[in-house]
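Quick notes on the structure that follows.
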Amino acid sequence: MTPPRPKSPSERPIDARAFDLLSLTMALVLGLHSPHLPWWLGIALALILGWRWWQRRRQAGRVPRWLKLPLLVLLTLAVIVQYGNIFGREPGAALAVGLLILKLLETEAARDVRVGISFACFALMAALLFDQGLIATVVVALGLLPALATLRALEPGQLPTSLPRALLPGLALSAAALPLALLAFLLVPRLSSPLWGAPSQDQARTGLGDSMTPGNFTDLLTDDHPAMRVSFDGTPPPPDRRYFRAYVMWNFDGRSWRHLDPRYAPPRQPAPLEVASSIRYQISLQPTRRRVLPMLDVPLQAPAQATLQADREVMADKPVNDQLNYAARSALQYRLQPDLDERSRRLGLRLPADFNPRTHALAAQWRQRYGSDDAAIVQAALGLFHDGGFRYTLAPAPLGRNSVDDFLFDTHEGFCEHYSSAFTVLMRAAGIPARVVTGYQGGYWNKYGNYLLVRYSDAHAWSEVWLAGRGWVRVDPTGAVRPERVSLGAAAAAGDQLSWYRNDWLQGLRNRWDIVNRWWDQGVIGFDALRQRGLLTPFGIRDADTATLGVLLAISSVLFIAIGLAWALLRRQPRDPLRGALRELERKLARKGIARRPAEGPQHYLSRAARALPGQRDELASLMRSYLELRYAHDEPPTEPLRAFQHAVRDFRIVNVVK
Amino acid sequence: MRDLLQRLQRWAEHRLPALTRYRRPESLPIELHRRRIYIVPTGFGLGFSVLLLVMLVGALNYANNAALLLTCLLGAASAASMLVAFRSLDGLRLGHIRAGHAVAGQPLELTLAFDSRRPRNAIRVDLGDRTLAFALDGRASAQVKLALPTAQRGWQPLPRIRVWTSWPLGLFRAWSWLHPEQSVLVWPRAELAGPQPHAPADDARHMRLHRGDELAALRDYRAGDPQRHIAWKASARHEHLLVKDFEQPQSRPQWQLDWRRLGGLDNEARIARLARWLNEAQAQRGHYSLWLPGNEIPGGSGPLHYAHCMSALAQLP
């Protein structure tokens with residue numbers, strides 16, 4: 001019988017420290033993925049992880065196969081049941097995290113740990129596919145620390161450290177690697193088009209929809225993620241002029257408003273616009289997966305790869321799946337479509353039959369009272385909203401079939417959608433062409449970054465009525481009920497109805513913090529192939545192509561490696577503390593004019609000093625003796641006497657002798 | 001297959017010394033420096049770089065800059081770990097080697113004293129197919145005990161010792177060869193059985209054979225002493241019980257071991273027999289002298305004497 005071969009190091013069971021760190025890494029990965037895992041799967045995986053950790057602490061050993069295989073099957077089934085398949089981002093991530101946790105069950109040897117850690121690194125990166133915000137990225141990068149510490153813990157023969165201290169070297173290593181990482185990040189050539197698949201950008205928030213049903217904004221109005229950031233050339237418009245138009249909605253079916261979908265409508269010339277003053281601005285839009293591009297007030301023309309619709313909506317050629325930056329110019333004082341064509345008039349007056357009879361009656365009554373004075377009717381409607389006991393609330397009572405009637409005459413409560421919808425229906429019933437416009441209104445002016453931050457919660461709906469001689473005029477009926485909505489913004493209008501975190505100081509902090517997010521979004525996330533090409537313009541390379549970037553990456557990597565090598569090869573000469581102490585003594589004596597001559601030995605020098613300072617002869621003689629003994633009696637000066645000598649030199653004062 | 005590879009390696013090392021970094025033996029202390037430290041990625045390192053590549057392509061494909069940044073960070077940290085691996089060997093010093101004693105066929109214990117001015121982790125030493133890991137705290141030197149397999153008696157040069165580390169992440173393996181110019185003395189193996197040495201004429205006089213019946217002294221009673229050993233008369237005059245102490249039977253041979261008396265045997269057989277006699281004499285704590293051609297060791301006893309005799313035997317031509 002041959003003796004069993006000694007197990008190779010990678011097959012030997014790992015120690016408790018490595019396993020603890022591995023479990024910590026896995027827990028971090030699970031935590032980072034838990035927001036988009038089904039809650040029951042997250043809890044189940046956490047329980048498995050905790051149980052395995054506890055079990056391994058008590059007794060090392062693999063989990064038996066009869067337990068492992070059913071768990072694997074269960075996991076796959078669970079993912080299929082939840083998502084329908086195992087491909088795609090969400091199911092893929094769920095499966096990956098599940099497999100990672102199950103890998104822990106059979107992890108006993110160094111090899112398993114290495115496989116697990118590699119996979120965990122991949123899973124960490126996958127977490128960034130869901131959220132690539134600054135904080136998420138930093139947390140994920142910190143997740144590398146336990147991973148690196150686990151790899152270190154696998155190496156045998158180490159000086160003992162505590163668990164938290166074991167994480168620090170990874171931090172130092174990452175910090176040292178950061179310059180090279182940043183350089184590589186800047187110079188790795190980006191792909192102008194993906195190699196495979198359509199990158200699914202589900203992280204986009206839906207934002208504004210292309211239809212509006214009173215009551216469906218509620219989720220949007222409580223979502224304070226950034227929708228877009230706007231910077232203006234020159235002074236920004238005052239708060240009550242910050243209306244960003246997205247959709248112009250014409251079609252009302254008694255319940256919902258819809259815009260004219262350009263896919264089903266023949267292309268038309270944009271409505272004519274007479275401009276008195278205009279402003280230029282740049283918008284950086286968060287991904288929406290929709291084609292609409294919000295524009296300030298009334299845009300003059302569409303940016304590149306977008307078209308201006310007849311009603312001056314701007315539609316991009318492709319859905320906005322990534323952050324999009326565009327520059328535009330808009331009119332601030334204008335006359336939009338002073339001559340209304342027949343089609344627009346028809347569209348602007350159309351109402352579904354058999355809906356809202358009481359509203360029709362009220363409109364007819366106004367028309368009778370004010371005759372042909374459209375402006376007076378508008379005023380009457382605004383007056384109704386202002387004085388009719390209407391209330392602004394984000395949680396209005398539900399409305400029935402005749403939604404406008406119910407709102408105007410019964411519930412009296414709602415928010416911008418209700419007001420604009422009811423107002424527009426009133427106008428149309430009175431024979432005034434009117435339409436609903438949705439978009440954003442307000443925003444937070446960040447004075448540190450000189451830009452306007454518009455959140456989803458700034459979503460707004462207002463109306464436009466066509467008045468003879470003035471064209472389309474914006475009327476914001478919400479402002480009649482609650483003027484703060486227009487002048488101060490959505491949060492002020494909502495008052496206490498929003499959750500606790502919207503209180504003032506926290507909100508202020510979040511607003512200020514947004515400048516960091518903006519920097520991150522623009523500088524890091526928005527650094528695409530196009531901007532990379534322009535990266536080297538300051539160095540005279542106008543259009544850096546892949547080859548240039550590759551060469552540059554290679555050159556600068558070599559440079560960094562050279563710096564690293566220089567650090568690695570540097571041999572630090574050990575300091576000689578004894579020599580340092582003697583130098584200090586020499587400096588003190590030199591101040592009294594007793595300088596050491598170039599070729600003078602310490603004994604001769606200190607004897608000379610003792611003769612020159614007879615008052616301190618004994619002290620100097622003792623110093624000299626200690627020095628000579630420390631220097632010549634040992635290979636290395638022993639610690640304690642050396643320290644005593646250093647103290648003696650430090651305490652040595654030259655006493656001025658008065659003669 | 002493994003044999004063939006090893007033979008090939010040995011051939012290559014002798015034929016192509018520049019290529020295979022074969023170093024001639026050198027005297028201690030040996031300090032590792034950049035010209036003799038080599039680094040290659042480990043299998044795990046290669047696998048990890050494939051993973052990094054996959055992450056890179058994924059991040060680029062999904063145009064996810066955060067993921068790309070993370071990949072770059074991980075890649076740069078891996079590259080930096082190569083320098084750390086180098087630095088954990090650079091400046092490492094093998095101060096001295098202390099060899100123990102062993103007879104041929106038994107492993108010989110070598111103690112390697114490594115020292116360093118800064119702390120180092122996870123340094124490994126390979127000798128044969130055995131690996132040992134140790135750490136240095138930057139102050140005291142590390143004593144690494146290795147077992148050197150031995151085959152035959154005599155001076156045996158130390159083999160090449162590989163010092164390596166895959167610290168910190170196991171991605172790279174830095175190594176260096178140590179080939180100290182030092183030999184260890186392997187003692188001869190004793191024969192298994194054979195005749196007793198000739199007892200010299202005056203042997204009996206020196207053999208104090210105490211058969212356990214000679215009273216040596218009285219001592220205090222200890223639990224477990226047989227009752228019949230108690231000195232009742234003497235105990236009566238004392239507070240405690242006294243026990244008669246008998247000297248243990250012991251043979252202390254005084255042997256004169258002589259090469260010349262082992263005629264008719266070849267050299268190695270003579271050495272093996274002398275070695276066995278030396279072992280027996282040492283086991284019995286005897287007094288013995290040894291005569292060898294060109295070397296006469298006067299009588300003595302104790303481990304030093306034994307080592308002296310064995311070394312003399314080992315060095316016979």
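The values are calculated or read from the model by the stated rules, or taken from the named source; none is laboratory data. This one's a predicted model, so the numbers in the text were calculated from it and none came from an experiment. Here the Cβ positions follow ideal geometry from the backbone for every residue, glycine too, while neighbour counts run over all protein chains shown. We work out accessible area using only protein heavy atoms, side chains counted, and drop any ligands, DNA or RNA first. Shrake-Rupley method; radii C 1.70, N 1.55, O 1.52, S 1.80 Å.
Given the criteria in contact with a helix residue (DSSP H, G or I) (Cβ under 6 Å, 6 or more places away or on another chain) and not polar (S, T, N, Q), does A:Ile594 qualify? Walk me through how you get there before you give the answer.
Details: in contact with a helix residue (DSSP H, G or I) (Cβ under 6 Å, 6 or more places away or on another chain): yes; not polar (S, T, N, Q): yes.
So A:Ile594 fits the description; yes.
Out of the residues in region A:379-411 meeting the condition of being under 18 Å from A:Ala364 (Cβ atoms) and in contact with a Ser or Thr (Cβ under 9 Å, 6 or more places away or on another chain), tell me which one is surrounded by the most Cβ atoms within 10 Å (Cβ to Cβ). Checking each candidate, the answer is A:Val404. Do we have any residue at all in region A:91-110 that's open to solvent by 40 Å² or more (accessible area, probe 1.4 Å) and of a type in the set (Val, Ile, Thr)? Taking every residue of region A:91-110 in turn, none turns out to be open to solvent by 40 Å² or more (accessible area, probe 1.4 Å) and of a type in the set (Val, Ile, Thr). Of all positions in region A:123-143, none carries a residue that is open to solvent by 20 Å² or more (accessible area, probe 1.4 Å), touching an Asp or Glu at 6+ places or on another chain (Cβ under 7 Å) and free of Cβ contacts under 8 Å to residues at least 40 places away in the same chain. Within region A:347-375, the set of residues being under 46 Å from the mean Cα position of the chain (by Cα) and open to solvent by 60 Å² or more (accessible area, probe 1.4 Å) comprises just one member, A:Arg350. I'd like the full set of residues that are at pLDDT below 90, in a helix (DSSP H, G or I) and open to solvent by 60 Å² or more (accessible area, probe 1.4 Å), limited to region A:180-194. Across region A:180-194, the qualifying residue is only A:Leu186.
Report yes if A:Arg343 is charged (D, E, K, R), modelled with pLDDT of 85 or more, farther than 19 Å from A:Val248 by Cα and out of contact with any Phe, Trp or Tyr (no Cβ under 7 Å at 6 or more places or on another chain), otherwise no.
Values: charged (D, E, K, R): yes; modelled with pLDDT of 85 or more: yes; farther than 19 Å from A:Val248 by Cα: no; out of contact with any Phe, Trp or Tyr (no Cβ under 7 Å at 6 or more places or on another chain): yes.
Against the criterion (charged (D, E, K, R), modelled with pLDDT of 85 or more, farther than 19 Å from A:Val248 by Cα and out of contact with any Phe, Trp or Tyr (no Cβ under 7 Å at 6 or more places or on another chain)), A:Arg343 does not qualify.
Of the residues making up region A:489-523, those that are surrounded by 17 or more Cβ atoms within 10 Å (Cβ to Cβ), of a type in the set (A, V, I, L, M, F, W, C) and either over 30 Å from A:Thr478 (Cα atoms) or at pLDDT 75 or above (or both) are A:Ile515, A:Trp520.
Selection of first residues in region B:120-131 that are more than 10 Å from chain A (Cβ to nearest Cβ) and of second residues that are at pLDDT below 90 and open to solvent by 70 Å² or more (accessible area, probe 1.4 Å), restricted to Cβ pairs under 9 Å at least 6 apart or on distinct chains, gives the following pairs, ordered by first then second residue: B:Leu127/B:Pro149; B:Gly128/B:Pro149.
Applying the set (1) modelled with pLDDT under 85; (2) assigned to a loop (DSSP other than H, G, I, E, B) to B:Gly170 leaves exactly one unmet item: (1). Among the residues of region A:347-361, are any closer than 30 Å to B:Asn64 by Cβ and basic (Lys, Arg)? For region A:347-361, residues closer than 30 Å to B:Asn64 by Cβ and basic (Lys, Arg): absent. Among the residues of region B:173-216 satisfying the criterion of being of a type in the set (S, T, N, Q) and farther than 19 Å from B:Thr150 by Cβ, which is modelled with the highest pLDDT? Looking at residues that are of a type in the set (S, T, N, Q) and farther than 19 Å from B:Thr150 by Cβ, I get B:Ser176.
Quick one: which of B:Trp187, B:Trp164 is of a type in the set (Phe, Trp, Tyr), open to solvent by less than 30 Å² (accessible area, probe 1.4 Å) and within 13 Å of chain A (Cβ to nearest Cβ)?
Values: B:Trp187 fails: within 13 Å of chain A (Cβ to nearest Cβ).
Just one listed residue meets the conditions, B:Trp164.
The number of residues in region B:19-62 that are open to solvent by 60 Å² or more (accessible area, probe 1.4 Å), modelled with pLDDT under 90 and within 12 Å of chain A (Cβ to nearest Cβ) comes to 5. Checked against (1) free of Cβ contacts under 8 Å to residues at least 60 places away in the same chain; (2) more than 11 Å from every other protein chain (Cβ to nearest Cβ), B:His101 meets all criteria but (1). For region A:63-90, a residue qualifies if it is surrounded by fewer than 18 Cβ atoms within 10 Å (Cβ to Cβ), on the phi < 0 side of the Ramachandran plot and not in a helix (DSSP H, G or I), and the qualifying residues are A:Pro64, A:Asn85, A:Ile86, A:Phe87.
Okay, residues lined up against (1) assigned to a helix (DSSP H, G or I); (2) within 24 Å of A:Pro483 (Cα to Cα):
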residue	(1), (2)
A:Ala327	no, no
A:Ser344	yes, no
A:Leu394	no, yes
A:Val404	yes, yes
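Those residues that are more than 7 Å from chain B (Cβ to nearest Cβ), closer than 22 Å to B:Val57 by Cβ and touching a residue at least 12 places away in the same chain (Cβ under 8 Å), I need them from region A:174-187; list them, please. Passing the criteria: A:Leu183, A:Leu186, A:Leu187. Only one entry in A:Leu613, A:Leu630, A:Leu642 is under 60 Å from the mean Cα position of the chain (by Cα) and surrounded by 11 or more Cβ atoms within 10 Å (Cβ to Cβ), namely A:Leu642. The C-beta contact set for region A:298-313 (first residue outside the structural domain of A:Thr438 (by TED's automatic domain parsing), second residue open to solvent by 30 Å² or more (accessible area, probe 1.4 Å), distance under 7 angstrom, 6+ apart or interchain) is empty. Residues that are among the hydrophobic types (A, V, I, L, M, F, W, C) and more than 17 Å from A:Val465 (Cβ to Cβ) within region A:242-265 comprise A:Phe244, A:Ala246, A:Leu260, A:Ala265, listed in sequence order. Residues in region A:251-270 that are within 38 Å of the chain's Cα centre (by Cα) and either of a type in the set (Lys, Arg) or outside the structural domain of A:His460 (by TED's automatic domain parsing) (or both): A:Arg255, A:Arg258, A:Arg263. Hey, does region A:209-219 have a residue that's away from every other protein chain (no Cβ under 14 Å), of a type in the set (A, V, I, L, M, F, W, C), in contact with a helix residue (DSSP H, G or I) (Cβ under 9 Å, 6 or more places away or on another chain) and open to solvent by less than 70 Å² (accessible area, probe 1.4 Å)? Checked region A:209-219: at least one residue is away from every other protein chain (no Cβ under 14 Å), of a type in the set (A, V, I, L, M, F, W, C), in contact with a helix residue (DSSP H, G or I) (Cβ under 9 Å, 6 or more places away or on another chain) and open to solvent by less than 70 Å² (accessible area, probe 1.4 Å).
Hey, among the residues in region B:89-98 that are open to solvent by 10 Å² or more (accessible area, probe 1.4 Å) and more than 7 Å from chain A (Cβ to nearest Cβ), which one's nearest to B:Leu112 (Cα to Cα)? Step through it out loud before you land on a result.
Residues of region B:89-98 that are open to solvent by 10 Å² or more (accessible area, probe 1.4 Å), as a first pass: B:91, B:93, B:95-98.
Now restrict to residues that are more than 7 Å from chain A (Cβ to nearest Cβ): B:93, B:95-98.
Details: B:Arg93: 10, B:Gly95: 8, B:His96: 6, B:Ile97: 5, B:Arg98: 7 Å.
The residue in question is B:Ile97.
Considering only residues that are touching a Pro at 6+ places or on another chain (Cβ under 8 Å) and at pLDDT 80 or above, look in region A:457-488 and name the one that is surrounded by the most Cβ atoms within 10 Å (Cβ to Cβ). Top of the filtered list is A:Ser463.
Are any residues in region A:289-320 hydrophobic (A, V, I, L, M, F, W, C), over 16 Å from A:Arg258 (Cα atoms) and within 26 Å of the chain's Cα centre (by Cα), and if so, which ones? A:Leu293, A:Met295, A:Leu296, A:Ala316, A:Val320, listed by residue number.
In this structure, does B:Thr71 turn out to be among the hydroxyl-bearing types (Ser, Thr, Tyr), farther than 30 Å from B:Cys309 by Cα, crowded, with 22+ Cβ neighbours inside 10 Å and within 10 Å of chain A (Cβ to nearest Cβ)? When the stated conditions are applied, B:Thr71 passes them. Within region A:148-173, the set of residues being facing chain B (nearest Cβ under 9 Å) and small (Gly, Ala, Ser) comprises A:Gly157, A:Gly170.
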